[in-house]
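K.L.:
Questions regarding the structure given below will be posed in turn.
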Amino acid sequence: MKNNIALTLLKVALWITCVFHLLVGISLNLPIGIGLKEWIGSGVYGAQVDWNQAQFVYILKPLGAFMLVLGIMAAIAARHPLKNKLMI
């Protein structure tokens, strides 16, 4: 019984990690004009930057790709945590 609770909590944590990283990764790589990048950067991470600098916005794309990969890996691990111990 205790093992099932721990496994369920692990799956929930991995799915939350997956969704967060996918949303951040997508928002960093799509030219969304609704201010999602700005909200995530300032609201979640507390960053105070000049969003008009092209170099800064460009360097966010590899970070977004990295976040997408982490989200995909978290989804794979969440589906079968016992089989994917190395990812966890």
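The values are calculated or read from the model by the stated rules, or taken from the named source; none is laboratory data. Just so we're clear, the structure is a prediction, and the values are computed from it rather than from any experiment. Methodologically, a virtual Cβ is constructed for each residue, glycine included, from the backbone with ideal geometry; neighbour enumeration extends over all protein chains shown. Remember, those area values only see protein heavy atoms, side chains included, never the ligands or the DNA or RNA. Shrake-Rupley method; radii C 1.70, N 1.55, O 1.52, S 1.80 Å.
K.L.:
For the chain, give the percent of accessible area contributed by carbon and sulfur heavy atoms, probe 1.4 Å, rounded to a whole number.
P.N.:
70 percent
K.L.:
While we're on this one: Between (1) 53, 21, 18; (2) 38, 28, 17; (3) 36, 28, 24, which matches Cα extents along the principal axes in Å calculated for the structure shown?
P.N.:
Here the calculated entry is (1).
K.L.:
Same structure again: How far is it, in nm, from the label point at ILE26 to the one at TRP51 when both lie 7 Å from their Cα along the line to the Cβ?
P.N.:
So the two model labels end up 1.9 nm from each other.
K.L.:
Given PHE56, GLY46, VAL12, which one lies farthest toward the positive end of the charge dipole of the chain, if we put +1 on the Cβ of every Lys and Arg and -1 on the Cβ of every Asp and Glu?
P.N.:
VAL12
K.L.:
Can you tell me the relative contact order of the chain? Whole percent, Cα pairs under 8 Å, sequence separation 6 or more.
P.N.:
Across the chain, relative contact order equals 44 percent.
K.L.:
Something else now. Would you mind working out the accessible area per residue for the chain, using a 1.4 Å probe, and quoting it in Å²?
P.N.:
73 Å²
K.L.:
Taking θ = phi - 60°, what integer Hz values does the Karplus form 6.51 cos²θ - 1.76 cosθ + 1.60 yield along segment 71-78, in sequence order, with x for Gly and Pro?
P.N.:
3J(HN,Hα) across segment 71-78, in whole Hz: x, 5, 5, 5, 5, 4, 5, 5.
K.L.:
Something else: Report the FRET efficiency, 1/(1 + (r/R0)^6), for ILE40 and ARG79, where r is their Cβ-Cβ distance and R0 is 22 Å, rounded to 0.05.
P.N.:
It comes out at approximately 0.25.
K.L.:
May I ask which residue of ALA65, LEU36, LEU82 lies farthest towards the positive end of the charge dipole of the chain, with charges of +1 (Lys, Arg) and -1 (Asp, Glu) on Cβ and the Cα centre as origin?
P.N.:
Sorting the options by dipole projection puts first LEU82.
K.L.:
Taking the Cβ-Cβ separation of ILE72 and ALA13 as r and a Förster radius of 22 Å, what is the calculated FRET efficiency to the nearest 0.05?
P.N.:
In this case the efficiency is close to 0.85.
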